[in-house]
């Protein structure tokens, strides 16, 4: 699977979050529930100071490595941190990321890409990984996946 190494500046992400684990039987329901809340309960529409329209799926606060618990978040980038406490906020750290560009079904293509990424020998930082949805086309979406890398 092809990727390029990019350097990103810190970003403020605002949305809804929950803890889960890749081995948890309800992991799919937890993450799917976040997306449902984000769009169907009006959270996305109510976030102030959005810095663009793209949605993000964020994975952070890893408790060790890929087999440990982490925080999953459905979010968007904001120009500043909101004052209200109705949202979860995380800072996507500045640094080096492996950037993968995938196309296809929004759910199936992302799941398949992560299966491949988990098998790759990347120098992962396990601090923050995220998906950036370039459009809202469910059947033929373009998604950028960023995997945080250790500092050189």
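Rule-based calculations on the coordinates, nothing more; no lab input. Everything numeric in this text was worked out from a predicted model, so none of it was measured. As a convention, Cβ positions derive from the backbone with ideal geometry for all residues, glycine included, and neighbour counts pool all protein chains shown.
Quick check of the Kirkwood formula: for the chain, what is the inverse mean of 1/r over all pairs of different Cα atoms, in Å? Mind dumping the intermediate values first?
On the way: mean 1/r = 0.0636 Å⁻¹.
Final number for the Kirkwood radius of the chain is 15.7 Å.
Arrange the following residues from fewest to most other Cβ atoms within 10 Å of their Cβ: 140, 69, 121. Can you show the working numbers first?
Working: 140 11, 69 14, 121 5.
Neighbour counts put them in this order, fewest first: 121, 140, 69.
At a threshold of 8 angstrom on Cα-Cα distance, excluding pairs fewer than six apart, so keeping six or more, what relative contact order does segment 4-149 reach in percent?
Values: 308 pairs, mean separation 44.8, N = 146.
Relative contact order here is 31 percent.
Given the alpha-carbon gyration tensor of segment 76-122, what are the semi-axes of its equivalent ellipsoid in whole angstrom, ordered largest first, with each equal to the square root of 5 times an eigenvalue? Walk me through the intermediate numbers first.
Details: eigenvalues 163, 49, 20 Å².
Largest first, segment 76-122 gives 29, 16, 10 Å.
Per-residue counts of other Cβ atoms within 10 Å, averaged by peptide: what ranking do you get for 85-96, 11-22, highest first? Mind showing how you got there, number by number?
Numbers: 85-96: 15.6, 11-22: 18.8.
Ranking the peptides 85-96, 11-22 by packing returns 11-22, 85-96.
How high is the relative contact order of segment 1-67, in percent, counting Cα pairs under 8 Å that sit 6 or more residues apart? Could you put the intermediate results ahead of the total?
Numbers: 23 pairs, mean separation 22.2, N = 67.
Once normalised by length, the contact order is 33 percent.
Relative to the longest principal axis of the chain, what angle (0 to 90°, nearest 10) does the C-alpha long axis of helix 27-40 take?
Helix 27-40 and the main axis of the chain meet at about 40 degrees.
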